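Visitor: Dropping a structure here in structure tokens format, bear with me for questions.
Only the coordinates and a few stated rules stand behind these numbers; no lab work does. Computed from a prediction, not measured in an experiment: that's the story for all the values here. Positions of Cβ are generated from backbone atoms using ideal geometry, with glycine treated the same way; all protein chains shown enter the neighbour counts.
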Amino acid sequence: MTVRVVPFGSRVYLLLDMAANDYQPTRLLALAREVLTTEAAAISALRDRLGDDFLRAIDIIMGCRGRVVVSGIGKSGHIARKIASTLASTGTPAFFVHPAEAIHGDLGMITRDDVLIAMSNSGESAELLAIMPLIKRQGARLIALTGNHDSSLARHADAHLDAAVDAEACPLGLAPTASTTAALALGDALALALLDARGFSAEDFARSHPGGALGRRLLTHVRDVMRQGAEVPRVPVDATLAAAVLEMSGKGLGLTAVLQADGTVAGIFTDGDLRRCLGRVTDLQRATVAEFMTTQPRRIAADKLAVEAVETMESPRPVMALLVVDPDGRLTGVLHMHDLIRAKVI
């Protein structure tokens with residue numbers, strides 16, 4: 001470490017230049033581990049404090065005829081936004097309102113049918129206290145999430161969620177760290193308890209996330225991605241091998257379905273079957289596809305989820321395609337692995 005003398009006007013400043021090798025890695029690692037230990041302890045302490053007020057908050061939200069409005073300012077505001085997002089994506093309609101904007105007009109977004117979750121570690125945030133009487137006057141319910149059960153917010157709330165921590169993880173004891181982590185975890189506990197109370201399913205979650213990977217996996221059905229109509233390679237059961245090969249080549253899927261006269265599936269002939277039979281066939285025009293086809297091909301219904309098709313393709317040994325059939329066994333389409341990849345199901 002070096003000391004530099006820097007004149008500035010009539011004053012002189014001493015600046016410390018700290019080189020990279022002046023940092024103490026062992027001390028920094030110890031501090032980082034202590035931060036994680038402190039925050040983990042803060043979350044763990046919440047568990048034993050959950051009780052009647054938590055259940056009361058659940059009852060209030062379950063009885064809500066409107067939406068849940070989550071509000072907070074500063075670091076609590078950042079956590080409030082995340083909690084509102086988690087609630088909304090797990091079956092509880094919710095949105096965030098900035099308390100400073102609320103006292104300048106956005107309070108009109110909150111109705112008597114709504115529930116306000118007010119977040120403040122001190123429980124004394126002036127902006128939240130300013131809107132609290134108006135919320136109560138119009139009949140909306142108030143849930144306070146604070147670190148101070150004797151605070152103004154906690155005393156006037158219909159339910160109080162206690163997110164108090166023994167100490168912040170910040171070595172200066174100043175930056176909100178353990179308190180925001182505890183508030184976030186308590187918000188997650190509330191959202192997921194509500195998820196369970198509502199019977200919210202993975203399919204419901206996917207409907208809120210149609211653009212995500214989970215949405216694609218849970219909402220995509222075989223009928224959405226399968227080949228249909230003229231795209232489906234097919235030959236009658238009495239077709240020659242030559243006709244089957246031409247059909248396979250023309251449709252480019254490396255297979256053809258083999259059908260009975262009524263459209264039901266008799267079998268499948270793939271490029272693998274073709275390779276296996278070449279050494280035994282002398283005349284492709286005289287041999288029939290029925291002699292060399294696979295008679296029990298894997299099949300799937302069009303209304304099955306695409307993820308189920310993946311499982312069927314992979315077990316007991318991998319195949320590249322499935323025939324799609326109706327309840328009577330008639331061919332309705334074909335599903336290729338490339339179709340699933342293109343749809344981002346896998």
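Visitor: Once you keep just the Cα pairs under 8 angstrom separated by 6 or more residues, what percentage relative contact order results for the chain?
Guide: Reported relative contact order: 12 percent.
Visitor: Which FRET efficiency value, to the nearest 0.05, is calculated for HIS98 and ARG198 with the Förster distance at 25 angstrom and r the Cβ-Cβ distance?
Guide: Taking R0 as 25 Å, the efficiency between HIS98 and ARG198 is 0.35.
Visitor: Which of THR295, THR282, THR256, THR86 comes first, and how do the rest follow, when ranked by fewest Cβ neighbours within 10 Å?
Guide: The fewest-first ordering by Cβ neighbours comes to THR282, THR295, THR86, THR256.
Visitor: Okay, moving on. On full extension of the chain, what length is gained from ASP238 through VAL281, given 0.36 nm per residue of separation minus the C-alpha to C-alpha distance?
Guide: Here the segment from ASP238 to VAL281 would lengthen by 13.8 nm.
Visitor: Same structure, new question: Between Rg and the Kirkwood Rh of the chain, both from Cα atoms, what is the Rg to Rh ratio?
Guide: Using only Cα positions, Rg/Rh for the chain is 1.26.
Visitor: Please work out how much length the chain gains when fully extended from ASP326 to ASP52, using 0.36 nm per residue of separation minus the C-alpha to C-alpha distance, in nm with one decimal.
Guide: My answer for the length gained is 93.3 nm.
Visitor: With +1 assigned to the C-beta of every Lys and Arg and -1 to the C-beta of every Asp and Glu, and no other charges, what is the dipole magnitude of the chain about the Cα centre in debye, to the nearest 20?
Guide: 560 debye
Visitor: Next up: At 222 nm, what value in deg cm²/dmol follows for the chain if DSSP H runs of at least 4 each add -39500 (n - 2.57) and the sum is divided by all its residues, to the nearest 500?
Guide: Value at 222 nm, helices only, nearest 500: -12500 deg cm²/dmol.
Visitor: Given all pairs of different Cα atoms, what value in angstroms does the Kirkwood hydrodynamic radius of the range 222-342 take?
Guide: 14.4 Å
Visitor: Alpha carbon centre of the range 124-203 versus the range 21-86: separation in Å?
Guide: Here the two parts' Cα centres lie 9 Å apart.
Visitor: Further question on the same structure: State, to one decimal in nm, how far the label point of ARG137 lies from the label point of ALA301, with both points 7 Å from Cα in the Cβ direction.
Guide: Inter-label distance under the simple model: 5.9 nm.
Visitor: In addition: List the lysines whose alpha-carbon lies under 22 Å from that of LYS304, not counting same-chain residues fewer than 8 positions away?
Guide: LYS304 reaches LYS344.
Visitor: With all pairs of different alpha carbon atoms counted, what Kirkwood hydrodynamic radius in Å does the range 111-202 show?
Guide: Final number for the Kirkwood radius of the range 111-202 is 14.2 Å.
Visitor: Sticking with this structure for a sec: Apply the Kirkwood formula to the range 24-200: the hydrodynamic radius equals the inverse of the mean of 1/r over all pairs of different alpha-carbon atoms; give it in Å with one decimal.
Guide: The Cα-based Kirkwood calculation yields 16.4 Å.
Visitor: So, one more: Rounded to the nearest 5, what % of the DSSP beta bridges within the chain are antiparallel ones?
Guide: 50 percent
Visitor: May I ask you to compute the full-extension gain from MET62 to MET109, defined as 0.36 nm times their residue separation minus their alpha-carbon distance, rounded to one decimal in nm?
Guide: Extra length from MET62 to MET109 when fully extended: 14.9 nm.
Visitor: Can you give me the span-like helices of the chain, meaning DSSP H runs with 27 Å or more of Cα extent along the axis and Kyte-Doolittle mean at or above 1.0?
Guide: 178-198
Visitor: Please give me the summed charge of the neighbours of VAL237: other residues whose Cβ is under 15 Å from its Cβ, Lys and Arg +1, Asp and Glu -1.
Guide: So the environment of VAL237 carries a net charge of -3.
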